[in-house]
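Below: the structure, in C-alpha coordinates.
The values are calculated or read from the model by the stated rules, or taken from the named source; none is laboratory data. If you're wondering where the values come from, they're calculated on a predicted model, not measured in any experiment. For accessibility, only protein heavy atoms count, side chains too; no ligands or nucleic acids. Shrake-Rupley method; radii C 1.70, N 1.55, O 1.52, S 1.80 Å.
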Amino acid sequence: MIRLDGLSMHYTLGTARIDVLRGVSLRVPAGQSVAIAGPSGSGKTSLLLLLAGLERPGAGSVDIDGMRLDTLDRDALADLRRDRIGIVFQSFHLLPSLTALDNVALPLQIAGRPQAHDRARDFLHRVGLGARLGHYPGQLSGGEQQRVAIARSLVHGPRLLLADEPTGNLDDHTGEAVRELLLTLNEEAGTTMVLVTHDLAFAARCDRVLRLHDGQLHEARAAPHGDALAV
(Lines give C-alpha, C1' and ligand atoms only; values in the text may rest on other atoms or scores of the structure.)
Protein backbone atom coordinates (compact mmCIF):
# COMPACT_ATOMS: atom_id res chain seq x y z
CA MET A 1 0.00 0.00 0.00
CA ILE A 2 2.85 2.42 0.87
CA ARG A 3 6.31 2.46 -0.63
CA LEU A 4 8.82 5.19 0.21
CA ASP A 5 12.27 5.24 -1.39
CA GLY A 6 15.01 7.67 -0.33
CA LEU A 7 12.48 10.25 0.86
CA SER A 8 13.98 13.56 1.94
CA MET A 9 12.41 16.89 2.84
CA HIS A 10 13.77 20.15 4.21
CA TYR A 11 12.67 23.67 5.03
CA THR A 12 14.65 26.86 4.68
CA LEU A 13 14.46 29.50 7.39
CA GLY A 14 16.48 32.52 6.35
CA THR A 15 19.87 31.12 5.50
CA ALA A 16 19.40 27.99 7.60
CA ARG A 17 18.39 24.63 6.12
CA ILE A 18 16.35 22.35 8.36
CA ASP A 19 16.31 18.70 7.32
CA VAL A 20 13.01 17.12 8.33
CA LEU A 21 13.41 13.73 6.61
CA ARG A 22 16.68 12.23 5.42
CA GLY A 23 16.61 9.33 2.97
CA VAL A 24 13.61 7.55 4.49
CA SER A 25 12.60 4.23 2.93
CA LEU A 26 9.57 2.25 4.08
CA ARG A 27 7.20 -0.51 3.00
CA VAL A 28 3.71 -0.86 4.49
CA PRO A 29 1.58 -3.74 3.20
CA ALA A 30 -2.15 -3.37 2.69
CA GLY A 31 -4.17 -3.82 5.87
CA GLN A 32 -1.35 -3.04 8.30
CA SER A 33 -1.78 -0.55 11.14
CA VAL A 34 1.28 1.61 11.80
CA ALA A 35 1.83 4.11 14.61
CA ILE A 36 4.47 6.82 14.24
CA ALA A 37 5.87 8.27 17.44
CA GLY A 38 8.56 10.85 18.05
CA PRO A 39 9.27 14.18 19.71
CA SER A 40 7.41 17.34 18.73
CA GLY A 41 8.92 18.94 15.64
CA SER A 42 10.49 15.70 14.43
CA GLY A 43 8.57 15.74 11.13
CA LYS A 44 5.72 13.34 11.83
CA THR A 45 3.04 15.62 10.39
CA SER A 46 5.25 16.43 7.40
CA LEU A 47 5.52 12.72 6.68
CA LEU A 48 1.72 12.38 6.67
CA LEU A 49 1.42 15.35 4.30
CA LEU A 50 3.86 13.64 1.92
CA LEU A 51 1.88 10.41 2.09
CA ALA A 52 -1.29 12.34 1.25
CA GLY A 53 0.33 14.13 -1.69
CA LEU A 54 -0.23 17.48 -0.01
CA GLU A 55 3.52 18.20 0.06
CA ARG A 56 6.25 17.18 -2.38
CA PRO A 57 9.56 15.74 -1.21
CA GLY A 58 12.89 17.34 -1.96
CA ALA A 59 14.16 13.94 -3.10
CA GLY A 60 12.93 10.37 -3.30
CA SER A 61 9.54 8.95 -4.19
CA VAL A 62 6.17 8.13 -2.61
CA ASP A 63 4.01 5.31 -3.99
CA ILE A 64 0.47 4.86 -2.65
CA ASP A 65 -1.58 1.87 -3.74
CA GLY A 66 0.60 1.41 -6.83
CA MET A 67 0.59 5.08 -7.83
CA ARG A 68 3.77 7.16 -7.78
CA LEU A 69 2.62 10.52 -6.48
CA ASP A 70 5.18 12.68 -8.29
CA THR A 71 3.75 11.50 -11.63
CA LEU A 72 0.24 12.74 -10.77
CA ASP A 73 -1.06 16.24 -11.40
CA ARG A 74 -3.17 18.18 -8.91
CA ASP A 75 -6.48 16.78 -10.17
CA ALA A 76 -5.24 13.19 -10.10
CA LEU A 77 -3.94 13.65 -6.55
CA ALA A 78 -7.32 15.08 -5.50
CA ASP A 79 -9.06 12.07 -7.07
CA LEU A 80 -6.72 9.71 -5.21
CA ARG A 81 -7.51 11.37 -1.88
CA ARG A 82 -11.24 11.43 -2.63
CA ASP A 83 -11.45 7.78 -3.60
CA ARG A 84 -8.81 5.95 -1.57
CA ILE A 85 -7.45 8.03 1.32
CA GLY A 86 -9.02 9.30 4.54
CA ILE A 87 -7.19 12.07 6.38
CA VAL A 88 -7.65 13.31 9.95
CA PHE A 89 -5.92 16.67 10.47
CA GLN A 90 -5.20 18.22 13.86
CA SER A 91 -6.91 21.40 12.66
CA PHE A 92 -10.12 19.54 11.58
CA HIS A 93 -10.84 21.65 8.41
CA LEU A 94 -14.61 21.49 8.89
CA LEU A 95 -16.75 23.84 6.81
CA PRO A 96 -18.34 26.30 9.27
CA SER A 97 -21.47 26.83 7.16
CA LEU A 98 -22.36 23.11 7.16
CA THR A 99 -23.83 21.03 9.96
CA ALA A 100 -21.96 18.05 11.35
CA LEU A 101 -24.13 15.77 9.20
CA ASP A 102 -23.50 17.78 6.04
CA ASN A 103 -19.75 18.00 6.71
CA VAL A 104 -19.53 14.22 6.93
CA ALA A 105 -21.81 13.61 3.94
CA LEU A 106 -19.92 16.06 1.70
CA PRO A 107 -17.14 13.68 0.49
CA LEU A 108 -19.77 11.15 -0.55
CA GLN A 109 -21.82 13.79 -2.35
CA ILE A 110 -18.75 15.04 -4.22
CA ALA A 111 -18.01 11.49 -5.30
CA GLY A 112 -21.62 10.94 -6.38
CA ARG A 113 -22.13 8.13 -3.87
CA PRO A 114 -25.72 7.18 -2.95
CA GLN A 115 -27.32 7.52 0.50
CA ALA A 116 -24.67 10.01 1.60
CA HIS A 117 -26.64 11.34 4.57
CA ASP A 118 -27.64 7.88 5.78
CA ARG A 119 -24.02 6.75 5.83
CA ALA A 120 -22.87 10.03 7.41
CA ARG A 121 -25.51 9.66 10.12
CA ASP A 122 -24.30 6.13 10.88
CA PHE A 123 -20.69 7.22 11.31
CA LEU A 124 -21.61 10.17 13.50
CA HIS A 125 -23.52 7.78 15.74
CA ARG A 126 -20.46 5.53 15.83
CA VAL A 127 -18.30 8.40 17.15
CA GLY A 128 -20.94 9.31 19.74
CA LEU A 129 -22.43 12.37 18.03
CA GLY A 130 -25.88 11.09 17.17
CA ALA A 131 -27.43 13.95 19.15
CA ARG A 132 -25.35 16.63 17.40
CA LEU A 133 -26.15 15.97 13.75
CA GLY A 134 -27.69 19.40 13.15
CA HIS A 135 -25.06 21.42 15.00
CA TYR A 136 -22.54 23.61 13.20
CA PRO A 137 -18.79 23.44 13.97
CA GLY A 138 -19.00 26.69 15.94
CA GLN A 139 -21.54 25.04 18.24
CA LEU A 140 -19.30 22.05 18.96
CA SER A 141 -16.40 21.64 21.37
CA GLY A 142 -12.90 20.91 20.07
CA GLY A 143 -13.30 17.23 20.91
CA GLU A 144 -16.65 17.07 19.13
CA GLN A 145 -15.21 18.76 16.05
CA GLN A 146 -12.42 16.20 16.05
CA ARG A 147 -14.96 13.37 16.10
CA VAL A 148 -16.81 14.95 13.16
CA ALA A 149 -13.49 15.11 11.28
CA ILE A 150 -12.82 11.43 12.10
CA ALA A 151 -16.28 10.40 10.88
CA ARG A 152 -15.72 12.40 7.67
CA SER A 153 -12.37 10.67 7.06
CA LEU A 154 -13.95 7.21 7.38
CA VAL A 155 -17.33 7.64 5.71
CA HIS A 156 -16.18 6.81 2.16
CA GLY A 157 -14.45 3.57 3.19
CA PRO A 158 -10.84 4.57 2.41
CA ARG A 159 -8.20 2.00 1.58
CA LEU A 160 -5.67 4.13 3.49
CA LEU A 161 -6.30 6.22 6.61
CA LEU A 162 -3.78 8.90 7.65
CA ALA A 163 -4.50 10.30 11.11
CA ASP A 164 -2.63 13.03 12.98
CA GLU A 165 -3.24 12.62 16.74
CA PRO A 166 -6.78 11.27 16.26
CA THR A 167 -7.38 10.96 20.02
CA GLY A 168 -5.40 14.04 21.03
CA ASN A 169 -8.36 16.28 21.99
CA LEU A 170 -10.64 13.58 23.37
CA ASP A 171 -11.46 12.55 26.93
CA ASP A 172 -10.56 9.02 28.02
CA HIS A 173 -13.99 7.52 27.35
CA THR A 174 -14.41 9.06 23.91
CA GLY A 175 -10.78 8.39 23.03
CA GLU A 176 -11.28 4.69 23.73
CA ALA A 177 -14.40 4.62 21.53
CA VAL A 178 -12.44 6.22 18.67
CA ARG A 179 -9.54 3.78 19.13
CA GLU A 180 -11.96 0.86 18.89
CA LEU A 181 -13.63 2.33 15.80
CA LEU A 182 -10.32 2.81 13.97
CA LEU A 183 -8.95 -0.59 14.94
CA THR A 184 -12.21 -2.29 13.97
CA LEU A 185 -12.13 -0.57 10.58
CA ASN A 186 -8.54 -1.72 10.14
CA GLU A 187 -9.41 -5.31 11.07
CA GLU A 188 -12.78 -5.76 9.38
CA ALA A 189 -12.37 -3.65 6.24
CA GLY A 190 -8.64 -4.21 5.78
CA THR A 191 -7.99 -0.47 5.82
CA THR A 192 -4.30 0.39 6.01
CA MET A 193 -3.80 2.85 8.86
CA VAL A 194 -0.90 5.21 9.56
CA LEU A 195 -1.34 7.36 12.64
CA VAL A 196 0.81 9.89 14.39
CA THR A 197 0.21 9.63 18.10
CA HIS A 198 1.56 10.31 21.57
CA ASP A 199 -1.03 7.82 22.86
CA LEU A 200 1.25 4.89 23.70
CA ALA A 201 -1.67 2.61 24.58
CA PHE A 202 -3.08 3.17 21.10
CA ALA A 203 0.32 2.75 19.46
CA ALA A 204 0.88 -0.55 21.25
CA ARG A 205 -2.31 -1.97 19.72
CA CYS A 206 -1.10 -1.30 16.19
CA ASP A 207 0.71 -3.95 14.15
CA ARG A 208 3.84 -1.85 13.99
CA VAL A 209 5.39 1.14 15.74
CA LEU A 210 7.92 3.46 14.11
CA ARG A 211 9.84 6.26 15.81
CA LEU A 212 10.86 9.32 13.83
CA HIS A 213 14.04 10.90 15.15
CA ASP A 214 16.68 13.05 13.50
CA GLY A 215 15.02 12.64 10.10
CA GLN A 216 15.08 8.84 10.23
CA LEU A 217 12.43 6.19 10.91
CA HIS A 218 13.38 3.48 13.39
CA GLU A 219 11.44 0.31 14.05
CA ALA A 220 10.04 -0.21 17.53
CA ARG A 221 8.17 -3.24 18.81
CA ALA A 222 4.61 -2.99 20.11
CA ALA A 223 3.63 -5.54 22.74
CA PRO A 224 0.13 -7.00 22.20
CA HIS A 225 -3.04 -5.98 23.98
CA GLY A 226 -1.96 -2.49 24.93
CA ASP A 227 1.12 -3.38 26.97
CA ALA A 228 4.10 -1.04 27.15
CA LEU A 229 6.21 -0.39 24.10
CA ALA A 230 9.57 -2.11 23.86
CA VAL A 231 12.08 -0.14 21.73
Taking only Cα atoms, what is the 0 to 90° angle, nearest 10, from helix 100-110's long axis to the longest principal axis of the chain? 70
Does anyone have the angle between helix 172-189 and the longest principal axis of the chain? Alpha-carbon axes, 0 to 90°, nearest 10? 80
With an 8 Å cut-off on Cα pairs and a minimum separation of 6 or more residues, tell me the relative contact order of region 75-128 in percent. 29
Isotropically averaged projected area of region 56-146, using the convex hull of Cα atoms (one quarter of hull area), nm²: 7.3
Under the rule of at least 5 residues apart or a separate chain, name every residue whose amide H is placed under 5 Å from the amide H of Ser33. Met193, Asp207, Arg208
Rounded to whole Å, give me the distance from the Cα center of region 1-27 to that of region 53-90. 16
What percentage of the solvent-accessible surface of region 137-189, computed with a 1.4 Å probe over protein heavy atoms, is contributed by carbon and sulfur atoms? 41
Round to the nearest 10 and give me the degree value, 0 to 90, for the angle of helix 116-126's Cα axis relative to the longest principal axis of the chain. 80
By how many nm would the segment from Thr15 to Leu200 lengthen if fully extended, with 0.36 nm per residue of separation less the alpha-carbon distance? 62.9 nm
Would you calculate a helix-derived [θ] at 222 nm for the chain, using -39,500 (n - 2.57) for each DSSP H run of n ≥ 4 and dividing by the full residue count, to the nearest 500? -10000 deg cm²/dmol
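To one decimal place, what orientation-averaged projected area in nm² is obtained for the convex hull of the Cα set of region 1-54?
Result: 4.3 nm².
Can you tell me the accessible area per residue over region 43-123, all protein chains present, probe 1.4 angstrom, in square angstrom?
With all protein chains present, region 43-123 gives 50 Å² per residue.
Only Cα pairs under 8 Å and at least 6 apart count here; give the relative contact order of region 134-192 as a rounded whole percent.
35
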How big is D, in µm² s⁻¹, for the chain by Stokes-Einstein at 4 °C and 1.567 mPa s if Rh is the Kirkwood radius over C-alpha pairs? 71
